[in-house]
Amino acid sequence: FVPLDLKLGKKVNEGKTKEVYELPDIPGCVLMQSKDQITAGNAARKDRMEGKAAISNTTTSCVFQLLQEAGIKTAFVRKQSDTAFIAAHCEMIPIEWVCRRIATGSFLKRNPGVKEGYKFYPPKIEMFFKDDANNDPQWYEEQIIEAKFCFAGLTIGQTEVDIMSRSTQAIFEILEKAWQPQNCTLVDLKIEFGVNVLTKEIVLADVIDNDSWRLWPAGDRSQQKDKQSYRDLKEVTPEALQMVKRNFEWVSERVELLLKTKSQGRVVVLMGSSSDLSHCEKIKKACATFGIPCELRVTSAHKGPDETLRIKAEYEGDGIPTVFVAVAGRSNGLGPVMSGNTAYPVVNCPPLSADWGTQDVWSSLRLPSGLSCPTTLSPEGAAQFAAQIFGLNNHLVWAKLRSNMLNTWISLKQADKKLRECSL
């Protein structure tokens, strides 16, 4: 619980568009206070824009909430007021990480011969050292490693650079996917990382607001809604600034939709016997981690085929996209019968016994022609298979899948580093 009347400590830092304050009553946390200021070209152009602090805070809070709920580690704790949010106290790594899907802006100046609109597959990662006096020069990973940065006791080496690089791509792809249902193209994204002073982990920090990306509705640059519309102004007039503010408001109004999806979906687990309940509960628990509702039913295709098909019809008739999971030991008739009588996806997840498992599994694998129900032996795998189907049309489910991939990769990378350190 965080009190609304927060006691502010000393100012830790002040940037062009925000101030950072210690919070004496909440150890390990700071307050990120936005300003009504818009800048370009390392503050070569600087203007006051009434209401920008609230717009930026809304945008950042929604974006960080989306990423955090997906499973990305961030410094964000909670929105505190219209213009401020609470974050974990981090020592910031002075590198801006940029991820690009479409070539535009400074990339074209640095890479003559590349035409605007060139698409990068996978998205292109670039790094820039935060140094206003030298206009944030482009750096390469060798320079970051050779700099031997150390923040909150963590030395930034190859492992940490690799983690930030992988995370940058995953964060970009999650946000790119989140904007697609609104017919908006995320062109590029700029982010920063810090080391959490309490956990010593690298986390996404700072802010992600309308200064942090290029956003083109319908993929059309002439409709740009991001800070580029301010950079492109030949002259800053009150009317021009109002146009820029309208663009920022357009984004802050829609960014809350990133946390929602119109796409519904559910998993229905059909078990041949209630003795398989513990196996099915694992599927339901795994579905919950993806935010997918899951129902458990008991029916036997051998002993009551009419009832099995009646239950199937119950879930086909209400318009909610459904993945059926068939859990049947011994001779699995449940999955094949379901597959032969529904156009919805069916996946087998048989609870194999130690004694007869090698024989029983063939009833799930060797099917009559015209049927297609894949088999996975892992309950968590069955839930993930369903999530991958729903993720095609649900960016919130897709974000969790993408984040899981990243976190698995990071855990392996860190385990390797720890093992090498022990060996040395």
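Worth a mention:
- Remark: GLU141 falls outside the filter, which requires a residue to be under 16 Å from MET405 (Cβ atoms), modelled with pLDDT of 95 or more and touching a Ser or Thr at 6+ places or on another chain (Cβ under 9 Å).
- In the range 70-83, of all residues being in contact with a Ser or Thr (Cβ under 9 Å, 6 or more places away or on another chain) and within 18 Å of LEU406 (Cβ to Cβ), the one that is surrounded by the fewest Cβ atoms within 10 Å (Cβ to Cβ) corresponds to GLY71.
Results for (1) acidic (Asp, Glu); (2) within 30 Å of ILE208 (Cα to Cα); (3) not assigned by the TED database to the domain that holds ASN348, shown as yes or no for each residue.
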{"site": "GLN224", "(1), (2), (3)": "no, yes, yes"}
{"site": "LEU233", "(1), (2), (3)": "no, yes, yes"}
{"site": "THR237", "(1), (2), (3)": "no, yes, yes"}
{"site": "ARG254", "(1), (2), (3)": "no, yes, yes"}
{"site": "SER273", "(1), (2), (3)": "no, no, no"}
{"site": "GLU314", "(1), (2), (3)": "yes, no, no"}
{"site": "VAL325", "(1), (2), (3)": "no, no, no"}
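- Counted residues, the range 31-53 - those being aliphatic (A, V, I, L, M) and touching a residue at least 60 places away in the same chain (Cβ under 8 Å): 5
- Count - residues of the range 271-303 that are of a type in the set (A, V, I, L, M), within 25 Å of LEU67 (Cβ to Cβ) and surrounded by 14 or more Cβ atoms within 10 Å (Cβ to Cβ): 2
- Selection status of TRP409, surrounded by fewer than 16 Cβ atoms within 10 Å (Cβ to Cβ) and either within 30 Å of VAL255 (Cα to Cα) or not assigned by the TED database to the domain that holds LYS285 (or both): yes
- Restricting the range 40-69 to residues that are among the polar types (S, T, N, Q) and buried (at least 20 other Cβ atoms within 10 Å of the Cβ), the residue that is nearest to LYS234 (Cα to Cα): SER56
- Matching entry among ASN348, ASN332 (being touching an Asp or Glu at 6+ places or on another chain (Cβ under 9 Å) and buried (at least 23 other Cβ atoms within 10 Å of the Cβ)): ASN332
- The set of residues in the range 219-270 that are part of a loop (DSSP other than H, G, I, E, B) and open to solvent by less than 60 Å² (accessible area, probe 1.4 Å) comprises GLY219, ASP220, GLN224, LYS225, ASP226, LYS227, LEU233, VAL236, THR237, THR261, SER263, GLY265.
- Pairs meeting the criteria (first residue in the range 98-111 and under 12 Å from ARG221 (Cβ atoms), second residue assigned to a loop (DSSP other than H, G, I, E, B) and hydroxyl-bearing (Ser, Thr, Tyr), beta carbons under 8 Å, at least 6 apart or on different chains) are ILE102/TYR118; ALA103/TYR118.
- Checked against the criterion of being within 16 Å of LYS119 (Cα to Cα) and hydrophobic (A, V, I, L, M, F, W, C), the range 191-207 has no qualifying residue.
- For the range 118-156, filtering for residues that are in contact (Cβ under 8 Å) with a residue 60 or more places away in the chain, open to solvent by less than 40 Å² (accessible area, probe 1.4 Å) and out of contact with any Phe, Trp or Tyr (no Cβ under 6 Å at 6 or more places or on another chain) leaves 2.
- For the range 181-218, a residue qualifies if it is in a strand (DSSP E or B), open to solvent by less than 40 Å² (accessible area, probe 1.4 Å) and among the charged types (D, E, K, R), and the qualifying residues are ASP188, GLU192, ARG214.
- Identity of the residue in the range 271-292, under 30 Å from THR60 (Cβ atoms) and assigned to a loop (DSSP other than H, G, I, E, B), that ends up farthest from the chain's Cα centre (by Cα): ILE292
The values are calculated or read from the model by the stated rules, or taken from the named source; none is laboratory data. Just so you know, these numbers come straight off a predicted model, no measurement behind them. Backbone-built Cβ (ideal geometry, glycine too); neighbour counts: all protein chains shown. Side chains included, ligands, DNA and RNA excluded: accessible areas come from the protein's heavy atoms. Shrake-Rupley method; radii C 1.70, N 1.55, O 1.52, S 1.80 Å.
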